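The structure appears below as structure tokens.
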Amino acid sequence: MPEGAAIVIHDAAKVFLDGAVVAFRELSLDVREREVVSIVGPSGCGKTTLLRCIAGLTRLSDGSIAVGGLTVDGPPDGVSMVFQHFGLLPWKTVWDNAAFGLAMAHAPAQRIRDRVGHYLELVGLAGSERRYPYQLSGGMQQRAGLVRALAMDPQVLLMDEPFAALDAQTRETLQEELLRIMAIEGERKTVVFVTHSIDEAIILGDRVVVTTTRPARVREIVRVPYGWPRDTTAIRADPRFAELREHIWSQLRPDAASAMVSA
Amino acid sequence: MSAGTVARGLAVGSDAEQQERARATAARRRRTRRLRAAGVRAASLTIVLGAWQVFGGLVDPILFATPSKVIVAGAAMIASGELWTYLWPSLVVLAIGLSVAAAAGITAGLLLARFWVLDVALDMYVTFLYSTPTVALVPLIVLAAGYETTAKVVILFLFAFFPLVINTYQGVKSVDPKLLEVGRAFRCSERQLWVNIVLPAALPFIITGLRLAVGRGLIGMVLADLYTAISGIGYLIVRTASQYRVDRMFVPIVTLGLLGVTLTTLVRLLERRVAPWVAAQDHD
């Protein structure tokens, strides 16, 4: 395995409907270990499909993806996903939802107790363990979704527009919480974070991958000049943040405009 | 502890308080609405029964009865044990028929939904039999199973079986694909997928099937009493009618209605107990 590469995407392509719809094509990207890579692009451009391919939930049409040096063929070990729709099971309590991945992997009861308890505490869900998802706000539900993924102690965390369904304030709170967790020694993961928010991509990412409209290709990879731990308020106030934002927006704008015309 | 965490703690505390208050308000509003509904129902019942009492008294008593007379007759039939004597055998048929139909119907629905070959091979029969008026099969059942309890159970089974098969099948087929994907992402085995996702997701559909089965089962029960050996609650209706005792005839009819309401309510309570998330969504 190449030094420090957690995910290697090589010349990947995914087509639907016998080639009528091309989600992405000739897409190559390396994600280093413990690196947070945001992928931002016009909506409906195949970012989610790429994430599903990394997660082994759907097959590539061409090219290859390797996670931890192993070619993805079905959901790989050590990869957890956080979903835009939260994906909590309505019939399970917060605790059972958070413990779902570990329980499915037949983890020992003690380990489940330790890890699930630890992360529920970390995101402020301690005390809500016996509630059901329908009794929680959207933000709380997604915290449970995050705990479910983190409790698995994954090497790679895939996040598919995880905060897109939340209101603006909750979204920022959750961004800060994610940054806080990722800044803790030993909690840092390799993260691929798909979003359509440029701000979010910059605030959370070490690098921002800007994609073109369908078929998606990597248009540019932008390095984010902030280290860890991160302070969102300071980042937003930084003049470089506005420049980066403007730059990424200028990269996306022609595509966004054409997407609107074709829609 | 830093100032930040203290502020966070306070914020969460007041959030919880606010949530508590919102919950209390919602509960109060629900209670008021329930009380008002109960009031409207009571008024409606009074008006309808009152009208029945007044206008029912104008009709020849051989053809019709008033509520007061039905109540008197009912009290007498309960006191003498007559009602219970005829109701019991029908209830036994209902219980056996519904239990067998539930076990077989749910199992069949799950198998059809799980195995493509079974689905394709058998769905036409299910559709055909479900579309055929079950009454049309009664003479055949009598030929095969006679006139007694067995035949009645078979008739009841046929009435209750199909809604269960079809609803269970639909329940499995309409599991949210997003949740199935969550299961796959967390590397569920097939068995884990069924136990943790498919079956719980199908449960509300299965319970709806049960509710339909109870309604159809009651029809089957009376029908079996009328079209095979005339016995049970059906016999009571036929006999009282042939004696022109309309007031007594209404007693088994009302009993059947109350039985239907009770069973349906029980199924609804069962649903709230085993699938609380569905009821919660209904409230919103």
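All of the numbers you see were taken from the coordinates with simple rules; none came from a lab. In this text the structure is predicted, and so the values were computed from the model without any measurement. Using ideal geometry, Cβ is built from the backbone for each residue, glycine included, and neighbour counts are taken over all protein chains shown.
On average, how many beta carbons from a partner chain sit within 10 Å of the beta carbon of a residue in A:127-137?
Going residue by residue through A:127-137 and averaging, the value is 2.
So how far, in whole Å, is the C-alpha centre of the range B:176-199 from the one of the range A:161-212?
27
Other chains near B:181-194: what is the mean number of their Cβ atoms within 10 Å of each residue's Cβ? Before the final figure, lay out each step's value.
Working: counts 9, 13, 4, 6, 14, 13, 10, 6, 2, 0, 0, 5, 1, 0.
For peptide B:181-194, the averaged partner shielding equals 6.
What angle, in degrees between 0 and 90 and rounded to the nearest 10, separates the Cα long axis of helix B:116-131 from the longest principal axis of the Cα atoms of chain B?
Rounded to the nearest ten degrees, it is 40.
Return a whole-number percent for the relative contact order of chain B, with Cα pairs under 8 Å and 6 or more residues apart as the contact set.
Dividing the mean separation by the residue count of chain B yields 23 percent.
Give the Cα extents of the protein assembly as shown along the principal axes, in whole Å, largest first.
96, 56, 54
When you have a sec, figure out the Kirkwood radius of the range B:123-218 from all distinct Cα pair distances and drop it here in Å to one decimal?
After inverting the mean inverse Cα-Cα distance, the result is 15.3 Å.
Determine, from the Cβ-Cβ distance of B:TRP84 and A:ASP114 and an R0 of 60 Å, the FRET efficiency 1/(1 + (r/R0)^6), rounded to the nearest 0.05.
Efficiency at R0 = 60 Å is approximately 0.50.
Would you compute, from DSSP H runs of 4+ residues alone, the mean residue ellipticity of chain A at 222 nm, taking -39500 (n - 2.57) per run and dividing by the full residue count, rounded to the nearest 500?
-11000 deg cm²/dmol
Could you order peptides A:82-90, A:104-112 by the average number of other Cβ atoms within 10 Å of their residues, highest first? Spell out each step's value before the answer.
Details: A:82-90: 21.9, A:104-112: 13.3.
Result, highest mean first: A:82-90, A:104-112.
Between B:LYS178 and B:LEU122, what is 0.36 nm times their sequence separation minus the Cα-Cα distance? Round to one decimal in nm.
17.3 nm
Packing-wise, with mean Cβ within 10 Å as the measure, how do B:108-117, B:180-189, B:138-147 rank, highest first?
B:180-189, B:108-117, B:138-147
Work out the mean other chain Cβ neighbour count within 10 Å for the residues of A:62-73 and drop it here as an integer.
If you average over the peptide's residues, the count of other-chain Cβ atoms is 0.
Rounded to whole Å and sorted largest first, what semi-axes of the equivalent ellipsoid does the C-alpha gyration tensor of chain A yield via the square root of 5 times each eigenvalue?
Equivalent ellipsoid semi-axes, largest first: 29, 22, 18 Å.
Between the helical axis of A:109-122 and the dominant principal axis of chain A, each derived from Cα atoms, what acute angle in degrees is found, rounded to the nearest 10?
Its long axis makes an angle of about 60 degrees.
Taking the Cα atoms of the range B:57-151 alone, what are Rg (to one decimal) and Dmax (as a whole number) in Å?
In order Rg, Dmax, the Cα atoms of the range B:57-151 give 21.2, 63 Å.
Under the rule of at least 5 residues apart or a separate chain, name every residue whose amide H is placed under 5 Å from the amide H of A:VAL21.
A:PHE16
Which angle between 0 and 90 degrees, to the nearest 10, do you get for helix A:138-150 versus the longest principal axis of chain A when only C-alpha atoms count?
90
Apply 1/(1 + (r/R0)^6) to the Cβ-Cβ distance of B:SER131 and B:THR265, taking R0 = 30 Å, and write down the FRET efficiency to the nearest 0.05.
0.50
Quote the relative contact order of chain A in percent (integer), defining contacts as alpha-carbon pairs under 8 Å separated by 6+ residues.
Dividing the mean separation by the residue count of chain A yields 25 percent.
With each run of n ≥ 4 DSSP H residues scored as -39500 (n - 2.57), what mean residue ellipticity at 222 nm is computed for chain B after dividing by its residue count and rounding to the nearest 500 deg cm²/dmol?
-29000 deg cm²/dmol
List the residues, sorted by chain then number, that are 5 or more residues from A:VAL82 or on another chain and whose placed amide H is less than 5 Å from its amide H.
Amide H to amide H, under 5 Å and 5 or more residues apart or across chains, A:VAL82 pairs with A:LEU158, A:MET159, A:ASP160.
Distance between the C-alpha centers of the range B:224-284 and the range A:66-141? Whole Å please.
45
Find how much the distance from A:ARG188 to A:ASP238 grows on full extension, using 0.36 nm per residue of separation minus their present alpha carbon separation; answer in nm with one decimal.
Full extension of this stretch gives 15.6 nm more.
Highest mean first, what order results for B:122-132, B:245-255, A:174-184 on Cβ atoms within 10 Å?
Packing order, densest peptide first, comes out as B:245-255, A:174-184, B:122-132.
Calculate, for A:GLN169 and A:ARG217, the FRET efficiency according to 1/(1 + (r/R0)^6) with r their C-beta to C-beta distance and R0 51 Å; round to the nearest 0.05.
It comes to 0.90.
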